[in-house]
Amino acid sequence: MSPGRVALFVTMLAIAVGMLYPFWVMISDSLHTQSQFISGSGFSLGSWRQLSAALPVGRQVLNSTVICSMSIFVILAVGLPAGFAFAKLRFRASSLVFLGIVSAMMVPLQAIVMPEFVNVTRVGLTSGYFGAVLVYAALGTPFSIFLFTTYFRGVPDELVEAGIVDGLGYVGALWRLVVPVAVPAIATVTVLQFIQIWDDLLVGLLFIQNTADRPITVGLAALASGRTTSIPQLMAGSFVSALPAMLVYLGFQRYLVKGLTMGIDR
Amino acid sequence: MKARRLTLSQRRQLAGVVFALPALALVIGLIAIPIGQAVYYSFTQWDGITTTWIGTSTWTQAFHNSDLWTALKNNAMLLLWVPIALGLPLAIAVLLHQRVAGWKIFRSIYFLPTAISWVVLGLVAERFFAYQGTLNSILHAVGLSGVTTNMLGSESTALAALGITFVFTMIGTNTMLFLTGLATLDPSLEEAARIDGAGRWRIFRHITLPHLSRFIQLAFVMTVIALFSALFSLIFVMTGGGPGYATTTMEFLIYQTGFSQGQFGTAALYGIILFLITGAVGIIQLRLIGSDK
């Protein structure tokens, strides 16, 4: 290797150290008791052993998983037929409706959070998961429809028409002909939404009123705002909450990249 | 024959409407209607239960409220970090694009923080800036033992600490975007320029950068939108908007006004202002992705 290449490699190594810094902090800080942490010497697994007393990790990871799964299910259930409709079953004003839905992508939740919160509370959905699931679904649907519509446009019209002529019906054509070839798009939406919902704080904080139903990210933020919280425990909790999203990312990296750059790399 | 074809087309349109309806209902019910409500409530005294119409006086009051101007000023100050949040990832993407040994592993490592919640990254950043944190250890290690910072604890530096954290959280996404852009660049163009005797900087300036312009625009818009609407988690765990109002941005002001102070009407009004700001930026983005020609 030329000296230039070596310098390049060293620079990249240095950047890697910087990007791995959060993981190093979480792991190293969690391996103390609070008093060891303050004095700066000694190691212990004590904070990990007592973690579940401060943060019900098992229950909260389960809550996060259920909320993510339900939200993604709703997003796919409404997004796939809508994408099919906008790409292949165009009706009068369908491109206008499509544009309207895609524009909703630009509305940040904070801008409408007050009426949203009052509406969802009024219909009694802030107890249990359903309020949060609905809000996540509404926030995730516009982008998913954009992605599905773009993808379905690449499916030949003849394929759909042949299916209809063969008596599959529209539901059958969507389910048996289009969905099977759309697996990469479905995977992209699923991975992207999983990470977004798993990592979110605001919706879980406001739309889930039962402490027991809290997802892990909200539990962690609530623990952090407590004054007497032990930092090693907080870091252990952070690591647990980060792990599932990290694993999903490492396993499905290419779908995530595809989703983020969708629409520009044509 | 002709009549039958017409029926088929009508049936297809009907199916289209039915298929689009659930998604449309969801978006109208949970996004469009709340926008209308927020506009309405911005003209009222509202505590979440009873509303009293008080007209435009809410707006004149809001614009005389120093909290709003502080929040807008904080957002404007944070905008100064956007060039760094774009430049650093651009440099990293160019490095990755050299495809040095093991570059794919480096790529995975650089993007890894992207998967992590900003709640977690905020908690880690707090450890970094803390009195007994990494920043002070580094300062002491390089011989500045007299300098001890507490960036999050001071009104003059807390916003900068938030800005630095924001830059870190955006590195993964923006690097990913730029790297995708670089991958679409035809290598023979650079090769031809090199043969013609162009230096590295000239090649970057006159071939690479123009080619990336679309990607840079998109990254810019995404970064600005994130700055206005995705900092909530960081602020919530790092500073709670403080000290004082030093790190209260628009989105955090909405949360505080509505949920800490119970002034739902004023919070709805602030929401409309945020909506108008991000909407203006969003229109640029819609143009850029040019979704539907």
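None of the figures in this text is laboratory data; all of them are computed from the coordinates on show. Just so you know, these numbers come straight off a predicted model, no measurement behind them. Reconstructed Cβ throughout: ideal geometry from the backbone, glycine too, with neighbour counts over all protein chains shown.
Here the range B:59-272 is treated as an ellipsoid with the same Cα gyration tensor; its semi-axes, largest first and in whole Å, are 37, 23, 15. Helical content of chain B, expressed as a calculated mean residue ellipticity at 222 nm, amounts to -22000 deg cm²/dmol (DSSP H runs of 4 or more residues, -39,500 (n - 2.57) each, divided by residue number, nearest 500). Centroid-to-centroid, using Cα positions, the range A:118-140 and the range A:86-108 are 23 Å apart.
In plain terms, the chain from A:Leu247 to A:Ser39 could stretch by 71.5 nm, reckoned as 0.36 nm per residue minus the Cα-Cα distance.
Annotation: extensible slack from A:Arg59 through A:Ser95 equals 8.6 nm (criterion: 0.36 nm per residue apart, minus Cα-Cα distance). Peptides A:186-195, A:171-180 ordered by packing proxy, namely the average of other Cβ atoms within 10 Å per residue, highest first: A:186-195, A:171-180. Computed from backbone phi, the HN-Hα couplings of the range B:257-267 come to 4, x, 9, 8, 9, x, 8, 5, x, 4, 4 Hz, rounded to whole numbers (Karplus: 6.51 cos²θ - 1.76 cosθ + 1.60, θ = phi - 60°; Gly and Pro given as x). Once all Cα-Cα distances of the protein assembly as shown are split into 10 Å bins that start at 0, what whole-number percent is in each one? It works out to 3, 16, 26, 26, 18, 9, 2, 0, 0, 0, in whole percents. The distance between label points at B:Ile28 and A:Ser225 comes to 3.6 nm (points 7 Å beyond Cα on the Cα→Cβ vector).
As a rough footprinting exposure proxy, the listed residues B:Trp201, B:Trp53 were ranked by other beta carbons within 10 Å of their own, and the order from fewest upward is B:Trp201, B:Trp53. In order along the range B:7-22, the phi-based Karplus estimate (6.51 cos²θ - 1.76 cosθ + 1.60, θ = phi - 60°) of 3J(HN,Hα) comes to 4, 4, 5, 5, 5, 5, 4, 4, 4, x, 4, 4, 5, 7, 4, x Hz; Gly and Pro are listed as x. A Förster radius of 35 Å combined with the Cβ-Cβ distance from B:Ala280 to B:Arg202 puts the calculated FRET efficiency at roughly 0.45. Look at the stretch B:264-275: the mean tally of other chain Cβ atoms within 10 Å of its residues' Cβ atoms is 4.
Using the Cβ-Cβ distance between B:Trp53 and B:Ser9 with R0 set to 41 Å, the FRET efficiency from 1/(1 + (r/R0)^6) comes to roughly 0.25. Extension gain for B:Trp69-B:Gln132 works out to 19.3 nm (0.36 nm per residue, less the C-alpha to C-alpha distance). Among B:140-153, B:117-130, the peptide with the highest mean count of other Cβ atoms within 10 Å heads the list, and the full ranking is B:117-130, B:140-153. Evaluated at q = 0.08, 0.13, 0.15, 0.16 Å⁻¹, the base-10 log of the normalised Debye intensity for the range A:55-260, with identical point scatterers placed on the Cα atoms, takes the values -0.33, -0.79, -0.98, -1.07.
Using the Cβ-Cβ distance between B:Gln261 and B:Ile195 with R0 = 56 Å, the FRET efficiency computed as 1/(1 + (r/R0)^6) comes to roughly 0.25.
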